[in-house]
Amino acid sequence: METFAQIVASRAGDDAPGLCFEDQQWTWDQVLREGAVRAAALRSAVPAPAGRQVHVGVLLENVPDYVFWIVAASLADAVVVGLNASRSAAEIAQDARHADVDLIVTEPRLGHLAGDIGGVRIHDVLSPAYDDWLAPHRGAEVPAESALPDPDRLAMLLFSSGSTGAPKAVIVSQGRLGRLTRTITDRVRMRRDSVTYLCMPLFHGNAVMMNLAPAIAMGATVAMTRKFSASGFAEDIHRYGATYVNYVGRALSYVLTRPEGPPDRAGTLELAFGTEASETDVRLFGERFGCEVMEGYGLSEGVFRINRTPDTPVGSLGLPAGGVDVRVLDEATGEECPRARFDSGGRLVDAAAVGQMVAVGAAPTFEGYYKNAGAMADRVRGDDFWSGDLAYRDVAGYFYFAGRSSDWLRVDSENFSAAPVERVIQRLSWVAAAPVYAVPDPRTGDNVMVALELEPSVSFDPAAFGEFLAAQPDFGAKWWPTYVRVVDRMPLTGSGKIDKAPLRRAAWRTPDQVWMRVGRTAEYRLLDAEGRDRIEAETAEHRGASPLSTH
């Protein structure tokens with residue numbers, strides 16, 4: 001079985017351009033040599049603890065040293081622990097302790113986030129002390145293949161995005177990362193002459209698995225930027241001659257808010273591969289850059305992927321890849337949900353079709369969460385792997401995403417998921433994002449709330465919003481948002497996905513404008529302090545507690 005370390009070591013002697021960053025460039029052989037230097041320094045400074053490998057915490061933005069340390073860890077049989085710089089110092093300290101980090105590499109702009117981590121050696125990659133530490137190991141040899149780690153050794157601990165709870169450290173072995181790299185290399189059509197644009201954060205699995213690792217495997221060129229920038233995206237694509245980019249979450253939407261430039265449609269970009277972009281953004285991005293946009297569903301946990309095929313219906317995730325038996329199961333009974341039926345307007349007829357995506361018999365392929373038995377129990381039930389994501393499946397077998405397992409809403413005794421509601425609202429051309437979530441009804445069950453981020457220079461028009469929803473034949477009667485919150489900018493996880501947790505916690509208690517539906521009409525009125533007090537009083541009368549403490 002080929003390991004990721006073997007893929008990394010295969011770049012020895014490769015003098016083709018490997019890594020570009022700002023005005024600097026390294027060949028792949030030079031990248032490998034930089035990794036060998038750090039591997040030697042690591043071995044000299046940090047002995048392997050009893051019973052496990054050395055864990056290197058990387059608290060960096062996308063800078064060359066991040067790539068060098070990913071290479072170094074594989075050469076040294078160590079484990080890269082990606083630390084999310086968008087989290088607080090206390091949260092990062094908690095993550096580092098949980099992942100048994102032995103050493104941290106960081107940089108001045110992020111060093112303050114490492115201040116709460118005690119008893120761990122910290123290296124600032126821009127300090128003279130760091131250069132002094134590496135200097136004796138310049139010229140270190142790349143280990144022979146026989147000295148590289150075995151397939152079952154850990155390569156990385158990748159924290160999940162945290163969009164549905166506390167982040168979990170996903171175990172990624174050398175063998176799994178090696179297998180996945182070859183699979184993804186074919187999937188994204190990576191070539192020797194490809195130029196990838198790496199703008200997603202390297203602490204997240206998407207950037208490593210969907211960009212860096214396949215580029216290493218093929219010896220393609222990686223053009224890397226410190227962090228994603230909507231304003232700098234097109235300029236970078238054209239400057240580097242990028243042919244491929246990976247994305248997650250809102251990235252395409254943000255790029256599309258920027259004015260189109262003359263080079264965009266005649267540029268070099270061939271393929272954008274990612275997840276969670278809207279159908280509209282996929283279409284508009286492809287038109288603007290003259291490229292193919294390929295959406296796929298995957299998990300940091302691995303186990304299964306769902307990819308689109310040429311016959312995939314609009315709005316569908318597609319079909320499971322590699323022959324994995326994926327089903328939609330009822331979360332309460334474990335029984336398979338009925339196939340989805342749609343009415344003449346295209347609306348899902350029966351909410352019973354929505355359940356959790358489960359890879360039947362595939363649990364043994366899940367490598368687990370590091371030191372987290374509770375999270376493991378949520379995912380592994382017998383031989384089956386429960387994804388935590390909701391979906392429904394049509395009669396032809398195509399899967400449709402229906403949100404996270406926390407995205408169920410119950411309104412007037414009807415259960416439904418947030419994703420179909422979001423898809424309808426996002427048809428509005430002036431809506432940039434529309435996450436839907438449950439807030440407590442003052443009496444019982446849930447109310448629907450949506451947060452709207454509008455396109456630039458657009459103001460919320462409550463009349464147009466209500467009229468639009470009333471005109472949609474596939475918009476369910478129970479789906480109407482009771483509350484509409486207008487935000488300047490969505491809260492995001494470190495990987496760029498919308499974070500609904502703070503939206504749920506705040507509900508209508510926010511300085512942002514909140515509009516409330518008038519009865520069962522299409523009219524919305526601005527919610528004022530007096531209106532908020534009435535909601536609180538009604539809730540206290542019927543539920544006996546703050547509404548935000550009951551949900």
Condition check for residue 345: at positive phi, assigned to a loop (DSSP other than H, G, I, E, B) and either small (Gly, Ala, Ser) or modelled with pLDDT under 90 (or both): no
When residues of the stretch 228-258 are limited to those that are in contact with a helix residue (DSSP H, G or I) (Cβ under 9 Å, 6 or more places away or on another chain) and either without any contact (Cβ under 8 Å) to a residue 12 or more places away in the chain or among the charged types (D, E, K, R) (or both), the one nearest to residue 187 (Cα to Cα): 250
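Conditions (1) among the hydrophobic types (A, V, I, L, M, F, W, C); (2) at pLDDT 90 or above; (3) in a strand (DSSP E or B); (4) closer than 27 Å to residue 25 by Cβ, marked per residue:
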residue	(1), (2), (3), (4)
227	no, yes, no, yes
231	no, yes, no, yes
236	no, yes, no, yes
265	no, yes, no, no
272	yes, yes, yes, yes
285	yes, yes, no, no
Test result for residue 251, of a type in the set (A, V, I, L, M), closer than 19 Å to residue 431 by Cα and either touching a His at 6+ places or on another chain (Cβ under 9 Å) or not assigned by TED's automatic domain parsing to the domain that holds residue 22 (or both): yes
Number of the exception - residue 464 against (1) touching a strand residue (DSSP E or B) at 6+ places or on another chain (Cβ under 8 Å); (2) within 22 Å of residue 508 (Cβ to Cβ); (3) surrounded by fewer than 19 Cβ atoms within 10 Å (Cβ to Cβ): (1)
For residue 432: the one exception among (1) within 18 Å of residue 505 (Cα to Cα); (2) assigned to a strand (DSSP E or B): (1)
Selection status of residue 125, surrounded by 18 or more Cβ atoms within 10 Å (Cβ to Cβ), touching a helix residue (DSSP H, G or I) at 6+ places or on another chain (Cβ under 9 Å), under 30 Å from residue 503 (Cβ atoms) and β-branched (Val, Ile, Thr): no
Filtered residues of the stretch 355-368 (kept if under 22 Å from the mean Cα position of the chain (by Cα) and either surrounded by fewer than 16 Cβ atoms within 10 Å (Cβ to Cβ) or closer than 30 Å to residue 439 by Cβ (or both)): 355, 356, 357, 358, 365
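Go through 184, 104 for me and flag whichever is β-branched (Val, Ile, Thr), at pLDDT below 95 and either surrounded by 14 or more Cβ atoms within 10 Å (Cβ to Cβ) or in contact with a strand residue (DSSP E or B) (Cβ under 8 Å, 6 or more places away or on another chain) (or both). Before you say what the answer is, go through the steps one by one.
Numbers: 104 fails: at pLDDT below 95.
Selected residue: 184, the only one of 184, 104 that is β-branched (Val, Ile, Thr), at pLDDT below 95 and either surrounded by 14 or more Cβ atoms within 10 Å (Cβ to Cβ) or in contact with a strand residue (DSSP E or B) (Cβ under 8 Å, 6 or more places away or on another chain) (or both).
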Which numbered condition residue 544 misses (of (1) modelled with pLDDT of 90 or more; (2) loosely packed, with under 12 Cβ neighbours inside 10 Å): (1)
Selection within the stretch 331-341 - surrounded by 14 or more Cβ atoms within 10 Å (Cβ to Cβ) and under 17 Å from residue 395 (Cα atoms): 336, 337, 338, 339, 340
Selected residue (criterion: farthest from residue 434 (Cα to Cα)) from residues of the stretch 498-527 that are surrounded by fewer than 19 Cβ atoms within 10 Å (Cβ to Cβ) and of a type in the set (Lys, Arg): 520
Lone unmet requirement of (1) under 28 Å from residue 222 (Cα atoms); (2) crowded, with 16+ Cβ neighbours inside 10 Å for residue 266: (2)
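Tally the residues that are under 16 Å from residue 65 (Cβ atoms) and assigned to a helix (DSSP H, G or I), restricting the search to the stretch 77-112. Quick ask: steps written out before the conclusion?
Of all residues in the stretch 77-112, those under 16 Å from residue 65 (Cβ atoms) come to 78, 80-83, 85, 103-111.
Still in the running and assigned to a helix (DSSP H, G or I): 111.
Residues flagged as under 16 Å from residue 65 (Cβ atoms) and assigned to a helix (DSSP H, G or I) within the stretch 77-112 amount to 1.
Going through 391, 375 one at a time, which residue ends up being at pLDDT 85 or above, within 21 Å of residue 326 (Cβ to Cβ), in contact with a Phe, Trp or Tyr (Cβ under 6 Å, 6 or more places away or on another chain) and surrounded by 22 or more Cβ atoms within 10 Å (Cβ to Cβ)?
Details: 375 fails: surrounded by 22 or more Cβ atoms within 10 Å (Cβ to Cβ).
Going through 391, 375 in turn, just one is at pLDDT 85 or above, within 21 Å of residue 326 (Cβ to Cβ), in contact with a Phe, Trp or Tyr (Cβ under 6 Å, 6 or more places away or on another chain) and surrounded by 22 or more Cβ atoms within 10 Å (Cβ to Cβ): 391.
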Subset of the stretch 447-460 [touching a residue at least 24 places away in the same chain (Cβ under 8 Å) and surrounded by fewer than 21 Cβ atoms within 10 Å (Cβ to Cβ)]: 453, 454, 455, 456, 458, 460
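Mind telling me which of the residues 150, 186 ends up being among the acidic types (Asp, Glu), farther than 22 Å from residue 97 by Cβ and touching a residue at least 24 places away in the same chain (Cβ under 8 Å)?
Values: 186 fails: touching a residue at least 24 places away in the same chain (Cβ under 8 Å).
Result: 150 is the single residue among 150, 186 that is among the acidic types (Asp, Glu), farther than 22 Å from residue 97 by Cβ and touching a residue at least 24 places away in the same chain (Cβ under 8 Å).
Anything in the stretch 193-252 that is of a type in the set (Ser, Thr, Tyr), touching a Phe, Trp or Tyr at 6+ places or on another chain (Cβ under 6 Å) and surrounded by fewer than 23 Cβ atoms within 10 Å (Cβ to Cβ)? List them, or say none.
We begin by selecting, within the stretch 193-252, every residue of a type in the set (Ser, Thr, Tyr); these are 194, 196-197, 221, 225, 229, 231, 240, 243-244, 247.
Adding the requirement that they be touching a Phe, Trp or Tyr at 6+ places or on another chain (Cβ under 6 Å) leaves 194, 196.
Once the filter is applied, which keeps residues that are of a type in the set (Ser, Thr, Tyr), touching a Phe, Trp or Tyr at 6+ places or on another chain (Cβ under 6 Å) and surrounded by fewer than 23 Cβ atoms within 10 Å (Cβ to Cβ), the stretch 193-252 yields only 194.
Just to be sure, is residue 223 small (Gly, Ala, Ser), out of contact with any Lys or Arg (no Cβ under 7 Å at 6 or more places or on another chain) and either outside any loop (DSSP other than H, G, I, E, B) or at pLDDT 95 or above (or both)?
Yes, satisfied.
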Members of the stretch 43-58 found to be buried (at least 23 other Cβ atoms within 10 Å of the Cβ) and either charged (D, E, K, R) or out of contact with any Phe, Trp or Tyr (no Cβ under 7 Å at 6 or more places or on another chain) (or both), listed by number: 55, 57
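The values are calculated or read from the model by the stated rules, or taken from the named source; none is laboratory data. What you see is a predicted model, and the numbers here were worked out from it, not measured in a lab. Don't worry about glycine lacking a Cβ; one is built from the backbone with ideal geometry, like all the others, and counts go over all protein chains shown.
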